[in-house]
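The values are calculated or read from the model by the stated rules, or taken from the named source; none is laboratory data. Quick caveat, the model's predicted, so the values are computed rather than measured. Note that we place each Cβ from the backbone using ideal geometry, even for glycine, and neighbour counts take in every protein chain shown. Calculation scope for accessible area: heavy atoms of the full protein, side chains included, ligands and nucleic acids excluded. Shrake-Rupley method; radii C 1.70, N 1.55, O 1.52, S 1.80 Å.
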Amino acid sequence: MDISKIDINLASGEVDENIEWISSHDERFSVHGVFFSEKDNLYMRVPDEISEATGNPAIRTLARMTSGGRIRFITNSQFIAINASLPAVRPAPHMPLTLTHGFSVYADGLYKKRYSPKTNTLLEVKEFGMEKRICFTEKKEIDETSKERLIEIYFPLYGGVSQLHIGVAPGSIVKKAPDYERKKPLLFYGSSITQGACVSRPGNDYVSMLARKFNSDYINLGFSGNGNAEDAMIDYITSIDASLYAFDYNMYASRKERILPPHFSIYERIREKHPNALILLHDKPGCDFEPDPEREEIIRSTYEKAVKLGDELVCYIPPKALLGEGDRDCCMVDNSHPNDLGAWRMSNTIFNEISEKLSKI
């Protein structure tokens, strides 16, 4: 049964010929959070030399997943169309296609539409992998008026982007977007929760929500199950000039075989290179389901040592606080990952914790 024939609101946007297609590489578009690799014909978050230097093969694949990738521009087109070639990544059972292979379009900071392949597109794929491609095209109305709007297109969180064309009404204005109010990005390092696992679509992860509250550029370096704080990765992070460094790294009790650097040493390396940036320390929010007092104490200890050293630009959020009070079970998809409500609560908690100190940077 095709549900879109029963409920038109669940149908994909039809595409006609009356579209002007513009490559994502056009100079009128500004790209954030990712860069395009001509060699791999893919948008990426981290250069291959950094991925390889970590000694962790998983990072190479995860760096090709475009969490935090965005394209911004101004247009007066009443519709936006997307034509995309994407790696055929097999979705996890608790993540929707709209998250893994979808795009979200915002106009003037407000969510408007989501775009993604149809489910049967992936069902027809015989082989999955970053080298395999699926394609889709979709057009949706954004506004009934022809006023100029700032359009921001969020990339897939657990998939990648090979080729992308943006469609507008022929003859529409298309021009460069203004800079973010906060140009120096917020940088987030961590694992699957940071990458955006299990929310419904791009733009609903807590990192994106938080960045919109600050009208700030941001970089998402969440690597699902692999936020291991390798030397090469911390060197890469500290090479980026950011206004905030938030890290929630992968100290999972179930993976004690890994040799991870001391938590405090990461703080020290960031602070040495960036004495005037804000540093945020926090853990994953699923403490109701998977409490880990030992890990919580390690993170809190880093914060307390930093404060004793006189650091006034460091913040700490206990895991219990991230989701706030009441109906906490409604905020989770499983024992670890927040849903949209959980991500929204996380973004609010973090915003309230850091906004005053960040405003001084």
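Arranged from highest to lowest average of other beta-carbon atoms within 10 Å per residue, in what order do the peptides 289-301, 93-105 appear?
93-105, 289-301
Could you tell me the ratio Rg/Rh of region 84-170? Both radii from Cα atoms, Rh via Kirkwood.
Here the Rg-to-Rh quotient is 1.01.
Only helical DSSP H runs with n ≥ 4 go in: add -39500 (n - 2.57) per run for the chain, normalise by residue count and round the 222 nm mean residue ellipticity to 500 deg cm²/dmol.
On the way: 11 runs with 92 residues, N = 361.
It comes out at -7000 deg cm²/dmol, rounded to the nearest 500.
Determine the principal axes of the Cα atoms in region 210-361, then give the extent along each, sorted from largest to smallest and rounded to whole angstroms.
The Cα atoms of region 210-361 stretch 40, 39, 28 Å along the principal axes, largest first.
Give the Rg/Rh ratio for region 24-161, taking Rg as the radius of gyration of the Cα atoms and Rh as the Kirkwood radius, to two decimals.
My calculation puts Rg/Rh at 0.99.
Report, largest value first, the span of the C-alpha coordinates of region 80-135 along each principal axis, in whole Å.
Largest first, region 80-135 extends 39, 25, 18 Å along its Cα principal axes.
With +1 on the Cβ of every Lys and Arg and -1 on the Cβ of every Asp and Glu, and nothing else charged, how large is the dipole of the chain about its Cα centre, in debye rounded to the nearest 20?
300
Leaving out ligands, DNA and RNA, what percent of the accessible area of region 115-260 is carbon and sulfur, probe 1.4 Å?
In region 115-260, the share of accessible area belonging to carbon and sulfur is 49 percent.
Could you sort 206-216, 141-151, 44-54, 231-241 so that the peptide with the highest average Cβ count within 10 Å comes first and the rest follow in order?
206-216, 44-54, 231-241, 141-151
Can you work out the accessible area per residue across region 86-156, with the rest of the protein chains kept in place, probe 1.4 Å, in square angstrom?
In whole numbers, region 86-156 has 49 Å² accessible per residue.
Just the C-alpha atoms of the chain: what Rg/Rh do they give, with Rh taken as the Kirkwood radius? Let's see the in-between values first.
Working: Rg = 20.3 Å, Rh = 21.1 Å.
Taking Rh as the inverse mean 1/r over Cα pairs, Rg/Rh reads 0.97.
With θ taken as phi - 60° and the coefficients 6.51, -1.76 and 1.60, list the Karplus ³J(HN,Hα) couplings across region 93-105 in order, rounded to whole Hz; mark glycine and proline as x.
So the Karplus estimates, Gly and Pro as x, are x, 9, 10, x, 4, 4, 7, 6, 10, x, 10, 10, 10 Hz.
Figure the gain on full extension for Trp21 and Glu144 (residue separation times 0.36 nm, minus the Cα-Cα span) and round it to one decimal in nm.
Working: separation 123, 0.36 × 123 = 44.28 nm, distance 2.03 nm.
My answer for the length gained is 42.3 nm.
Largest first and in whole Å, give the semi-axes of region 176-290's equivalent ellipsoid, each being the square root of 5 times a Cα gyration tensor eigenvalue.
Over the Cα atoms of region 176-290, the semi-axes work out to 24, 19, 11 Å.
Could you compute how fast region 312-361 diffuses translationally, taking Rh as the Kirkwood radius over C-alpha pairs and applying Stokes-Einstein at 37 °C with viscosity 0.692 mPa s? Give it in µm² per second.
280
Give me the percent of Cα-Cα pairs in region 145-185 that sit more than 13 Å apart, rounded to a whole number.
Numbers: 580 of 820 pairs.
Result for the distance tail: 71 percent.
Using +1 at the Cβ of each Lys and Arg and -1 at the Cβ of each Asp and Glu in the chain, identify which of Trp21, Gly159, Gly190 lies farthest towards the dipole's positive end.
Trp21
How much length is gained on full extension from Ser37 to Lys360, taking 0.36 nm per residue of separation minus their Cα-Cα distance?
So the chain would gain 112.7 nm between Ser37 and Lys360.
Once amide H atoms are placed 1.01 Å from N in the peptide plane, what residues at a sequence separation of 5 or more from Lys112, or on another chain, have their amide H within under 5 Å of its amide H?
Counting only residues 5 or more places away or on other chains, the set is Val105, Tyr106, Ala107.
For region 69-110, compute Rh as the Kirkwood radius over C-alpha pairs and then the Stokes-Einstein diffusion coefficient at 25 °C and 0.890 mPa s; write the answer in µm²/s, rounded to an integer.
Roughly 193 µm²/s, to the nearest whole number.
Mind giving me the nanometre distance, one decimal, between the label points for Glu294 and Ile240, set 7 Å out from Cα along Cα→Cβ?
A separation of 3.1 nm, rounded to one decimal place.
Can you give the convex hull volume of the alpha carbon atoms of region 165-233 per residue, in Å³?
Details: hull volume 9.9 nm³, N = 69.
Convex hull of Cα atoms, per residue: 143 Å³.
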